1. Based on what the data block shows, is VAL305 within 24 Å of the chain's Cα centre (by Cα), touching a residue at least 60 places away in the same chain (Cβ under 8 Å), farther than 24 Å from PRO169 by Cβ and open to solvent by less than 10 Å² (accessible area, probe 1.4 Å)?
2. Just to verify a result, which residue in the stretch 236-266, among those that are among the acidic types (Asp, Glu) and at pLDDT below 95, is least open to solvent (accessible area, probe 1.4 Å)?
3. Return the pairs, sorted by first residue and then second, in which the second residue is charged (D, E, K, R) and open to solvent by less than 70 Å² (accessible area, probe 1.4 Å), the first residue lies in the stretch 23-45 and is over 18 Å from PRO188 (Cβ atoms) and part of a helix (DSSP H, G or I), the beta carbons are less than 7 Å apart, and the residues are 6+ apart or on different chains.
4. From the list GLN178, GLN127, pick out the single residue that is at pLDDT 95 or above and either more than 15 Å from the ligand (Cβ to nearest atom) or not in a loop (DSSP other than H, G, I, E, B) (or both).
5. Would you confirm, using the coordinates I've provided, whether ARG104 is of a type in the set (D, E, K, R) and under 22 Å from ALA315 (Cα atoms)?
6. Filter the stretch 148-205 down to the residues that are free of Cβ contacts under 8 Å to residues at least 40 places away in the same chain and out of contact with any strand residue (DSSP E or B) (no Cβ under 7 Å at 6 or more places or on another chain), then identify the one that is nearest to LEU93 (Cα to Cα).
7. Quick check on my filter: what residues within the stretch 231-252 are more than 14 Å from the ligand (Cβ to nearest atom), part of a loop (DSSP other than H, G, I, E, B) and over 25 Å from ASP106 (Cβ atoms)?
8. Please find, within the stretch 391-422, the residue that is nearest to GLN369 (Cα to Cα) out of those that are in a helix (DSSP H, G or I) and under 28 Å from the mean Cα position of the chain (by Cα).
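The values are calculated or read from the model by the stated rules, or taken from the named source; none is laboratory data. Small disclaimer: the values here were computed from a predicted structure and weren't measured. Here the Cβ positions follow ideal geometry from the backbone for every residue, glycine too, while neighbour counts run over all protein chains shown. Each accessible area value is taken on the protein alone, full model and side chains, heavy atoms only, with ligands, DNA and RNA left out. Shrake-Rupley method; radii C 1.70, N 1.55, O 1.52, S 1.80 Å.
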Amino acid sequence: MSENTEKNVEMENIVSLAKRRGFIYPGSDVYGGLSGTWDYGPLGVALKRNVMQLWWKMFVDDRDDMYGVDAAILMNKKVWEASGHTATFTDPLVECSNCHGRFRADKIDTSKCPTCGKENTFGEARQFNMMFKTHVGAIEDDTSISYLRPETAQGIFINFKNVVDTFYPDLPFGLAQQGKAFRNEISPRDFIFRSREFEQMEIEYFVEPDKWEASFNALLADTHAFLNALGLPQDKIHELEVPAEDRAHYSKRTIDIEYDFPIGKEELMGIAYRTDFDLMNIQNNAGKSMEYTIKGTNTKFVPHVIEPSFGVERAVMAVMAAAYTEDEVNGEKRIVMKFPEHLAPVKYCVSPLLKNKPELVEKAREVYQILKKKHGNVMWDDNGNIGKRYRRQDEIGTPYCVVVDFDSLEDNNVTIRDRDTTEQRRVAIADLA
Ligand code: GAP
């Protein structure tokens, strides 16, 4: 077996596999699509959930200092006024006077339109707010305006006091949330990398003001541990210390984790020191104290915050790109998704050697039930010959294929074939689970 270790992956290969094998489809495809939206198919949703559950396990369940929340997507518009999003959550927009194409001014050469090719057709850039506006209730006027949240973070901040008052956590502690975020991106692009609807996994970690640096470094190390558990190669992960002029309005320090995606080196996630910016804004705008009192003392202050913010789609895209492999088995080319076992959408595939032999099918069904009970996501495949079944499972990254043959009827052993090495071994059915 020889492997293309360079893994010079073309994005199109991954997009095509994602659609062909039921991971991710273009949103609203049947009606011609809706730009910047994507739908997850059966394998995609399993992969995405595995990524999100791993994050939740590592950052919440395995720790004593984290609490989960799940806030409403729709929030009072005052949330976004206080956070600064109404005024500043904007990208610079330019429009071509010839073809009326609209672009992000900071992403193109504005001397020439990338669509129609005409020169000097762009005027001054204007600031375009990326929040999706909607109305809550039956009256559509200024009083009923609300927004689809552009980040999950604010849903955490507005629940800071609730959790403090009901759980009395010691500082430092974090609130974690996973969920949808929406941004009316001017130019959605590169598959799920820049979408208009996506998911985030965010932590707001509350600390004493003069102890922020230790927590920042610890959460950065935890971030690397998570990326490692996603199976991303270390040499493709890079830290970027974001210079002051490029940081978000709330941040005093930001490190972006960049990843060598097939589209180039791009932001995978970020970790920011948000100071007391958000809690202070809530305190000032809502008129409610956001102070924390150190237990047994009179020491009160508004905590500072470290925020590790992960995009689920970018994590999924990185995992797919890292897994995508083309190699050769017995002189035949194959595509294999080398997902880490704990992320693979299907854990086992079970087959009878021949589908027209009822005794083999019956035995294979027994094996299928045993594995299904234990692992949940197990697939049954009796189509075509064994070689073709293996190829199909390789393409969706199933770590093990189990085949029941005539010997199995006698000795109660089955053949297990390993996705990565393609090696086969005999295992007793009793030892499978
Ligand atoms: N609460 C901080 C925050 O939202 P951000 O850098 O704007 O910070 C955090 O977003 C992460 O969310 C990004 O690192 C990225 O992974 C993901 N993300 C942001 N915009 C996205 C988009 N349009 N499509 C997919 N993921 C996106």
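1. No.
2. ASP246
3. What qualifies is LEU43/ARG21.
4. From the options GLN178, GLN127, the qualifying one is GLN178.
5. For ARG104, the condition - of a type in the set (D, E, K, R) and under 22 Å from ALA315 (Cα atoms) - is not met.
6. Restricting attention to the stretch 148-205, the residues satisfying the condition of being free of Cβ contacts under 8 Å to residues at least 40 places away in the same chain are 162, 165-166, 181, 189.
When the remaining residues are screened for being out of contact with any strand residue (DSSP E or B) (no Cβ under 7 Å at 6 or more places or on another chain), the result is 162, 165-166, 189.
On the way: ASN162: 39, ASP165: 43, THR166: 45, ARG189: 16 Å.
Per the criteria, the residue is ARG189.
7. Hits for the stretch 231-252 are GLY231, PRO233.
8. Taking the stretch 391-422 and keeping what is in a helix (DSSP H, G or I), we get 391-396, 406-411.
Retained after the next criterion (residues that are under 28 Å from the mean Cα position of the chain (by Cα)): 391-396.
Details: ARG391: 23, ARG392: 21, GLN393: 19, ASP394: 22, GLU395: 23, ILE396: 21 Å.
For the stretch 391-422, the residue satisfying everything is GLN393.
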